[in-house]
Amino acid sequence: MLCIRIEQPRRCFAVRARLEVPEGRVYCLLGPSGAGKSTILSVTAGFEPLHQGRIALNGTLLAESAGSTRFHLPAWRRRLGYLAQSTHLFPHLDVGRNIAFALPGNRLDDYTVGLVRELDLRDYLSARIATLSGGQKQRVALARALAARPRVLLLDEPFSALDLPARQEMQELLLRLQAEYGLTVLLVTHQFTEAQRLAHTIGVLDEGVLLQEAAPAGLLTSPASVKVAGLAGYKAFLPAAVFGLGEGLVALHPDRVLPGSFPGLGPVGRARVENCFPYEGRWRVALRLDQGQALEACVSENTAVRVGEEVSFTLLTPPILAG
């Protein structure tokens, strides 16, 4: 288990967080840009010294700073794999030598040959890096990060520069490798859909503070605050009184707004259709309540809605948050 307790000063705030990554699991740090996610990864990897706190892996101390106590295990001795958005591959080496760079004698062993096969890189071992696509470069970088059999794989938004099909392909590949090799992974992302797909546990970080930890389903159905709900994809927050639900704010997620009146599933409201548009392979309807608030709902292509008409909608067990 990777145990992190950190207090790290930054320009505008300090990153203060405690988290644990169980062995063989994927923990995702989710938050907006500048929240402090990459700082946690950088300190864990040993790229920068720990200001205050403690980092340990399976009982082995990686870093500690408290009072007069100072300990910093060098990055190269921590046996942690690291992969960022930029692959940092060596352009003067071919694919095979890039992958084998950290191995004894710079030669692929049986384990790494298996990784090459899993990553579909066997036909590219002699290829120059400049000839590869973005997705292929990330496959090479992932193979290199795993070649030395790291105890934990640290991923800093590694797929964010890829187009959607390539990003989804890499996510599926990572899931397969994680399950097959029992990888322990600490992933940083600002995309809830990626965290939802890959993580066993999500920790929501904002301005250096860990706001909530939960399984993906728990985070979606029970966000702890408006801030967390927004990061989990909720697009509108309406007074609960609009639906006769008392005080607070009702959080509305496009995937959890059902066109039509189904009072047995949740509170029902009325709105006017303003637009209908394709969105990531599906359709969304833009709605406007009588009170002026806007919301969106995901619908099937066969759903009969017309711009300008009034429709009923049902909120599927919406969370009610403090205003």
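Okay, residues lined up against (1) of a type outside the set (Ser, Thr, Tyr); (2) closer than 23 Å to residue 203 by Cβ:
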{"position": "46", "(1), (2)": "yes, yes"}
{"position": "64", "(1), (2)": "yes, yes"}
{"position": "68", "(1), (2)": "no, no"}
{"position": "88", "(1), (2)": "yes, no"}
{"position": "96", "(1), (2)": "yes, no"}
{"position": "115", "(1), (2)": "yes, no"}
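For the stretch 186-205, which positions are hydroxyl-bearing (Ser, Thr, Tyr) and either assigned to a helix (DSSP H, G or I) or open to solvent by less than 10 Å² (accessible area, probe 1.4 Å) (or both)? Those that are hydroxyl-bearing (Ser, Thr, Tyr) and either assigned to a helix (DSSP H, G or I) or open to solvent by less than 10 Å² (accessible area, probe 1.4 Å) (or both): 189, 193. Which residue is farthest from the chain's Cα centre (by Cα), if the candidates are limited to the stretch 278-302 and must be among the polar types (S, T, N, Q) and farther than 27 Å from residue 249 by Cβ? Here the residue is 302. All of 216, 223 fail the test of being of a type outside the set (S, T, N, Q), touching a Lys or Arg at 6+ places or on another chain (Cβ under 9 Å) and within 30 Å of residue 7 (Cβ to Cβ), apart from 216. The residues of the stretch 245-266 that are open to solvent by less than 50 Å² (accessible area, probe 1.4 Å) and aliphatic (A, V, I, L, M), listed by number, are 249, 250, 251, 252, 257.
The C-beta contact set for the stretch 267-281 (first residue outside any strand (DSSP E or B), second residue of a type in the set (Ser, Thr, Tyr) and buried (at least 16 other Cβ atoms within 10 Å of the Cβ), distance under 8 angstrom, 6+ apart or interchain) comprises 267/314. Total residues in the stretch 98-114 satisfying the condition of being crowded, with 16+ Cβ neighbours inside 10 Å, free of Cβ contacts under 8 Å to residues at least 40 places away in the same chain and in a helix (DSSP H, G or I): the figure is 1.
The values are calculated or read from the model by the stated rules, or taken from the named source; none is laboratory data. It should be emphasised that the depicted structure is a prediction, and the values quoted were computed from it without experimental measurement. We place every Cβ from the backbone using ideal geometry, glycine too, and count neighbours over all the protein chains shown. In case anyone asks, the SASA skips ligands and DNA or RNA and just uses the protein heavy atoms, side chains included. Shrake-Rupley method; radii C 1.70, N 1.55, O 1.52, S 1.80 Å.
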